[in-house]
Amino acid sequence: MINLQKLYEIQKTLKSVGYPDYKRISKEIENYVKNDKDLEKVLNDIKSNKPWEYIKGSAEFYALDFKVNKNVLIPRIETEKLVSLAIHEFKDTKFDTVVDVGTGSGCIIISLLKSLTLPTIHKGSIDNINFIATDISNKAISVVKRNLKYHKLDNIIHLHKMDLISKLKLKDKNVLILANLPYIPTLQYEKLDKSVKEYEPKIALDGGKDGNIYYKKLLEQIKKSGLKSFTLILETEGSIVNKTKNIFKKYNTEILKDLKDIDRFLIVRG
């Protein structure tokens, strides 16, 4: 039974720090805490700008549950469209390999693979497709391993520690590349909410002066890889999306909007 007094106290704290979805989160917190001591600790963490997802150690993405901590970004609802775009690509193209670059928590490639195994979504075979996730952070790799095991995909998705795709053997392959790399320009990063700057990993957010340092590096690695063909679906920042598109100007490139009608995704075909 919901304790209305406790719920009111939680909502009051959430509102004070500006949580937009405080009604939903307040109910989650009320169910999460077991006693007044637990509640006091959670509310103190909330007051110190610690994100709720880090407090409970998990986040929902694409209707799935993922383990998260301060070493990986909290999955955003906007990024769910990247998964949907990837699913759509499977309708028209046969890929040898799928690579999730800078995988973080692993939420993108795990959500994609679990969706592709549903006959209501994808009717083709994925038995001969190589699914790969890469990340440069050892701490992020540890989180991915937990999520792969939790979703029983640790023997299907191959996890590698590396800089983007630098060590992958992709010559003569037709590859789908998924990338939600750090894309916040440094000056914009400095203006982010405290809950982001103080708790989420800067290495997963700051994309350098123009926000595009990692996408430029990714393109260079794609050129050197000897790929037969590729489709790249990437997420970027609305304010720099045209600059990001210009990086891939030699290829067939399309800008797509997110759920809030903001230009956020690029599909690059080469």
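Any read-out appearing in this document is the output of simple, stated calculations on the displayed coordinates, not a laboratory observation. Because the structure is predicted, anything quoted here is derived from the model rather than measured. Neighbour counts are summed over all protein chains in view; Cβ atoms, including those assigned to glycine, are modelled from backbone coordinates with ideal geometry.
Numbers below:
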| item | result |
| --- | --- |
| For the stretch 4-48: rounded, prolate or oblate by the Cα gyration tensor [a/c cutoff 1.5] | oblate |
| Where trypsin sites (Lys or Arg not before Pro) fall in DSSP loop in the stretch 40-120, at most 12 other Cβ within 10 Å | LYS91, LYS94 |
| Shape call, the chain: gyration tensor on alpha carbons, a/c limit 1.5 | prolate |
| Cβ-Cβ FRET estimate between ASN246 and LYS161, R0 fixed at 22 Å, reported to 0.05 | 0.10 |
| Whichever aspartates and glutamates have a C-alpha closer than 19 Å to that of LYS41, once near sequence neighbours (fewer than 8 apart) are set aside | GLU9, GLU28, GLU30, GLU53, GLU198 |
| Dipole moment magnitude, nearest 20 debye, the stretch 4-48 about Cα centre, only Lys, Arg, Asp, Glu C-beta charged | 100 debye |
| Charge tally in the Cβ shell below 13 Å around VAL196, where Lys, Arg are +1 and Asp, Glu are -1, VAL196 excluded | +1 |
| Selection of trypsin sites (Lys or Arg not before Pro), the stretch 156-203, meeting DSSP coil and at most 10 other Cβ within 10 Å | LYS169, LYS171, LYS191 |
| Spin-label proximity, GLU28 to the stretch 142-182 - amide N less than 20 Å from point 7 Å beyond Cα toward beta carbon | 143-144, 146-148, 150-151 |
| Additional length obtainable on full extension of the chain from ASP45 to LYS197, 0.36 nm per residue less Cα span | 53.2 nm |
| Degrees, to the nearest 10: 80-89 long Cα axis against longest axis of the chain | 30 degrees |
| Above-threshold pairs, the threshold being 29 Å between Cα atoms, out of LYS202/LYS260; LYS114/LYS161; LYS23/LYS161; LYS70/LYS173; LYS191/LYS217 | LYS23/LYS161; LYS70/LYS173 |
| Euclidean distance between Cα centres, the stretch 100-129 to the stretch 166-222, Å | 21 Å |
| Rounded to 10°, Cα long-axis angle of helix 4-16 versus longest principal axis of the chain | 60 degrees |
| Cut-off 15 Å (backbone N to label point 7 Å along Cα→Cβ of LEU259), residues of the stretch 226-249 | none |
| Chymotrypsin sites (Phe, Trp or Tyr not before Pro) within the stretch 7-70: DSSP coil, no more than 15 neighbouring Cβ in 10 Å | none |
| Between 0 and 90°, nearest 10: helix 213-225 axis offset from the chain longest Cα axis | 30 degrees |
| Highest-fluctuation residue, ALA63, ALA133, ALA204 considered, GNM on the chain with Cα pairs under 10 Å | ALA63 |
